[in-house]
Each structure stands twice: as structure tokens, then as C-alpha cells.
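Below is one structure; the comments refer to it alone.
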There are 2 protein chains.
Amino acid sequence: MTTTDGNALVDDLAARIRAMIMSGEIPIGAPLRQAELATQFGISRTPVREALRQLQTGGLIEVVPNRGAVVRVPVPWEVREAYEVRAELEALAARRAVDRLDDASIAELRAVNTAMYERSIRIAAGEQVETGGVDNDQFHTLIYRAAGNTRLGRLLTELNDAFPRNVSALVLRDNSRHREENFREHEELIEAFVAGEHDRAAELMRQHVSSAGEHLAHWYERRSSTVFTG
Amino acid sequence: MTTTDGNALVDDLAARIRAMIMSGEIPIGAPLRQAELATQFGISRTPVREALRQLQTGGLIEVVPNRGAVVRVPVPWEVREAYEVRAELEALAARRAVDRLDDASIAELRAVNTAMYERSIRIAAGEQVETGGVDNDQFHTLIYRAAGNTRLGRLLTELNDAFPRNVSALVLRDNSRHREENFREHEELIEAFVAGEHDRAAELMRQHVSSAGEHLAHWYERRSSTVFTG
DNA sequence: CGCTCCTTGATTGGATACAATCAATAGCAG
DNA sequence: CTGCTATTGATTGTATCCAATCAAGGAGCG
């Protein structure tokens with residue numbers, strides 16, 4: 001439910017390109033040539049241009065005036081900035097969600113959290129698991145959907161889409177301590193929801209997102225060297 | 001300083017159209033025809049399309065797939081939603097600004113606040129005053145510039161640009177009580193900055209923005225009837 | 001040998017032509 | 001007079017063409 005519809009083809013296109021960047025199919029720093037994308041999708045350059053512009057305003061790609069677009073290489077301080085803001089907004093979402101989460105939604109939160117946890121354990125054990133389905137974003141999305149503020153939801157989505165690759169899928173997969181931490185923090189949060197404690201829910205969420213941002217920034221710090229060297 | 005440059009012509013175009021909407025030159029609910037705007041600016045439809053899409057993602061205009069774009073009619077609950085978020089973000093900006101505002105910036109804040117206050121008094125007295133220069137947005141912009149978080153600044157700008165017409169210029173002009181209130185709240189805020197009180201600055205800002213949002217929502221409520229009847 | 005300037009190739013930016021879509025309305029049947 | 005359908009006009013959506021721009025590389029000069 002985006003407030004203004006726009007154009008279906010262009011929006012789909014933007015979403016597909018975004019997904020390709022997020023999944024790593026189009027790597028960080030790679031150039032995005034309009035003609036190339038156009039032939040690849042079997043359409044003209046015109047809608048591709050608009051889709052790229054859309055991604056540009058989101059900050060996912062960088063457009064140099066007559067030289068083309070590249071997937072943005074996130075600088076750690078940008079990640080920290082974004083997550084400082086995100087912590088505040090998610091805290092607001094959590095506070096608002098306290099009074100709006102019904103029993104079914106609480107159950108869904110628990111289900112998503114445990115499913116995600118068990119899945120990540122299986123992955124860590126080397127087992128091959130289907131990638132789709134539950135993930136970390138879904139947990140948070142459930143909360144800010146419940147918050148019932150569309151503007152808030154839009155801004156959080158925008159922040160989520162600002163950096164390539166999926167936070168949970170990579171950071172959580174690489175580090176078992178963070179995985180445990182993530183699961184426990186989500187559980188505490190659910191407890192606060194059930195208990196109806198607004199301030200506690202907000203504060204827990206703030207802390208949770210802050211530390212997640214710190215982990216992600218570190219991930220990009222480590223990553224940046226490998227990106228540039230090869 | 002927008003992080004990604006994009007295209008100068010299109011960005012300027014979007015800014016000009018936005019300004020025309022903000023100032024009321026293009027009224028709320030008016031259709032924005034691509035061909036019309038193109039001839040008006042002496043260019044082709046292509047950049048106009050991109051500029052409109054840009055305004056659309058900002059939420060200022062609404063685009064119906066094959067029927068054209070119109071200036072969005074703000075619904076009061078949307079204003080309330082946006083200002084609830086904005087209150088949180090401006091509170092964060094104020095908290096961060098406490099440690100980063102030097103004496104010169106404090107002096108500038110005071111100057112802008114008093115200048116704005118005196119100007120609004122002269123306007124209320126019926127005097128004709130040049131419209132440009134200091135205004136309410138400038139006061140707030142100074143603060144979130146000082147906050148030193150570019151992402152935060154971008155989001156706040158985005159929120160500011162989401163609704164037609166200038167908040168201060170209209171709401172403050174119409175109501176002397178709000179004018180006094182606004183001036184006093186700004187002064188208190190500056191006191192908190194000078195005293196270095198993080199929590200107080202954040203809380204004052206939160207309250208200040210909240211009440212401003214309430215005023216604006218009321219303004220749109222009253223306005224909506226006149227818009228629809230003619 | 002190094003520096004400058006010009007050419008050239010690749011790519012985006014803008015203009016225009018054409019197709020698709022939708023709402024309004026006129027015409028017709030019942 | 002009412003309801004349905006086909007046509008039409010206006011507008012956006014897409015494709016294609018040409019111009020503008022920039023970086024890289026090579027020729028010529030000091």
C-alpha cells in the first residue's frame with residue numbers, strides 16, 4: 001500500500017533492480033548501464049531511467065551526471081547515521097505498537113522469531129535451507145505495521161532499503177553470538193509488548209537497533225577492504 | 001549538499017514546481033499536466049516527467065496511472081502522522097545539537113528567532129514586509145544542520161516538503177497566540193542549548209513540534225471545507 | 001621525455017513520434 | 001426516458017532519434 005500509485009512497470013522495475021542489488025547479484029560498486037538493463041529486461045531505456053532515478057533518491061545507487069550510475073559503496077559512518085535515526089523511529093514504532101498488537105500478532109511475532117532462529121542454526125550447521133520466508137526484516141515489519149502510522153512505515157522502509165544486502169542474512173549468519181543476542185532481544189521485546197510496558201518496549205527497541213547498526217557498520221568496515229582490493 | 005547529485009535540470013525543475021505548490025501559486029488539488037508544464041518551462045516532457053516522479057515519491061503530488069498528477073490534498077490524520085514522526089526526529093536533532101552548537105550558531109538562532117518574531121508582528125499590524133529571508137523553517141534547519149547527521153537532515157527535509165504551503169507563514173500569521181507561543185518555545189529551547197541540557201532540549205523540541213503539528217492539522221481541517229466547496 | 005590538446009568511443013540527457021489507456025459522451029436499443 | 005455500447009478526445013506511457021558530455025588515449029610540440 002504505497003500512498004501514491006505511480007507507474008506499475010517502473011515501480012516493479014525499480015523493485016527488481018533493488019532486489020538484485022540487495023541480494024548481491026549486482027555487486028557493490030558495479031556500474032548500472034541504462035542500455036544494458038533495458039535490453040536485459042526487454043524494454044526501452046525510458047522506464048529504466050526512471051527506475052534508476054527512483055533508486056537514486058533512495059540513496060541505494062549513485063548517479064554521476066554524464067557518467068552513469070553505480071551501486072553505492074556504503075561508508076560506515078553513513079550506516080551509523082542511518083541507524084541512529086532508525087533506532088529512534090523503531091522505538092517510536094514499538095511504543096505505538098504496544099497498544100495495538102493483538103494476541104494473534106503477538107503469536108506471529110513469536111513464530112517468526114523462533115522460526116528465524118532455528119533456520120539460522122540449521123544454516124550455521126551447514127544445512128542447505130530455502131532462502132525465502134521468515135527473516136529479521138519480517139519481525140520488524142510486523143511491528144511497524146502494527147504501529148499504524150503509514151508515514152513511519154514508509155520512512156523505515158526507506159531506511160531499510162538504503163544499504164545493499166540484507167542485514168540479518170549476512171550479519172546474523174556470520175556471527176553466532178549476534179544470532180543468540182538477536183533472538184534474546186526479540187524475546188525481551190515481545191515480553192514488554194505482552195506486559196504493555198510502553199517505555200520499556202521503546203527502550204529495548206532503541207538498544208536493539210543501535211547494536212544491530214553497530215554490527216552492520218563493522219561488517220561494512222571489514223567488507224570495504226575486500227571490495228576495493230578485488 | 002545532496003549525497004547523490006543526479007541531474008541538475010531535473011532537480012531544479014522539481015524544486016521550482018515544489019516552490020510553486022508551496023507558495024500556493026499552484027493550488028491544492030490542481031492538476032499538473034506534463035505537456036502544459038513542459039511548454040511553460042520551454043522544455044520537453046521528458047525532464048518534466050522525472051521531476052513529477054520525484055515530487056511523487058516525496059508525497060507532495062499524487063499520480064494516477066493514466067490520468068495525470070494532482071497536488072495532493074492533505075488529510076489531517078496524515079499531518080498528525082507526519083508530525084508525530086517529525087517530533088521524534090527533531091528531538092533527536094536537538095539532543096545532538098546541544099554539544100555541537102558553537103556561540104556563533106547560538107547567536108544566529110537568537111537572531112533568526114527575534115527577527116522572525118518582529119517580522120510577524122509587523123505583518124500582523126498590516127505592514128507590507130518582504131516575504132523572503134528569515135522564517136520558521138530556517139530556525140529548525142539551523143538546528144538539524146548543527147546536529148551533524150546528514151541522513152537525519154534529509155529525512156526532516158523530506159517531511160517538511162511533504163505538505164503544501166509554508167507552515168509558519170500561514171499558521172503563525174493567522175493566530176497571534178501561536179506566534180507568541182512559538183517565539184517563547186524557541187527561546188526556551190535556546191536556553192536548554194546554552195545550558196547544555198540534552199534531555200530538556202530534546203523534550204522541549206518534541207513538545208514544540210507536536211503542538212505545531214496539531215496547529216497545522218487544525219488548519220488543514222478548517223481549510224478542507226473551503227477547498228472542496230470552492 | 002613529458003606536457004598539452006584534440007580526437008574518439010561510450011554513455012547519459014533531451015526531444016519527438018507513436019502507442020496505450022481512460023473518461024466522457026453521443027448514439028442507439030429497449 | 002433509461003441503460004448500454006462505441007467513438008472520441010485528452011493525457012500519460014514507451015520507444016527511438018539526436019545532441020551533449022566526459023574520460024581515455026594518441027598525436028604533436030616543447
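The numbers here are math on the coordinates, done by the rules we state, and not lab data. This one's a predicted model, so the numbers in the text were calculated from it and none came from an experiment. Here Cβ is always computed from backbone atoms with ideal geometry, including for glycine, and neighbour counts include all displayed protein chains.
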- Note on the structure: Row for the stretch B:8-71, column shape: gyration tensor on C-alpha, a ≥ b ≥ c, rounded if a/c < 1.5 i.e. under 1.5, prolate if a/b over b/c, else oblate; value rounded
- Item | Rg/Rh (Cα only; Kirkwood hydrodynamic radius) as it applies to the stretch A:1-159 | 1.01
- Descending Cα extents along the principal axes, the protein assembly as shown, whole Å: 76, 53, 45
- Classify the stretch B:89-165 as rounded, prolate or oblate from the Cα gyration tensor: take a ≥ b ≥ c as the square roots of its eigenvalues, call it rounded if a/c is under 1.5, otherwise prolate when a/b beats b/c and oblate if not. oblate
- Message: At 7 angstrom along the Cα-to-beta-carbon line, where would the label on residue A:137 sit relative to the other copies? Give the distances in nm, shortest first.
- Response: 3.2
- Query: Applying 1/(1 + (r/R0)^6) with R0 = 51 Å to the Cβ-Cβ distance of residue B:110 and residue A:145, what FRET efficiency is obtained, to the nearest 0.05?
  - Reply: 0.75
- Task: Could you pull out every whole DSSP H run in chain B that spans at least 27 Å of Cα extent along its own axis and averages 0.0 or higher on the Kyte-Doolittle scale?
- Result: B:103-124
- Query: Using a label point 7 angstrom from Cα along Cα-to-C-beta, what distances in nm, from shortest up, separate residue B:196 from the other copies?
  - Reply: 4.2
- Task: Would you calculate, for chain B, the mean residue ellipticity at 222 nm contributed by helices, counting each DSSP H stretch of 4 or more residues as -39,500 (n - 2.57) and dividing by all residues, to the nearest 500?
- Result: -23000 deg cm²/dmol
- Query: Which of A:59, A:153, A:42 moves the most in a Gaussian network model of chain A with Cα springs under 10 Å?
  - Reply: A:42
- What's the center-to-center distance, using Cα atoms, between the stretch A:92-158 and the stretch B:33-105 in Å? 29
- If you count, for every residue in B:55-64, the Cβ atoms of partner chains within 10 Å of its Cβ, what is the mean? 4
- Which shape class, rounded, prolate or oblate, goes with the stretch B:76-229 when its Cα gyration tensor gives a ≥ b ≥ c as root eigenvalues, a/c under 1.5 marks rounded, and past that a/b bigger than b/c marks prolate? oblate
- Exposure proxy ranking, count of Cβ atoms within 10 Å, fewest first, for A:154, B:110: B:110, A:154
- Message: Just to confirm the numbers: residue A:124, label point 7 angstrom along the Cα-Cβ line, distances to the other copies in nm, shortest first?
- Response: 6.3
- Message: With 10 angstrom as the radius, rank A:205, B:22 by how many other C-beta atoms surround their C-beta, starting from the fewest.
- Response: B:22, A:205
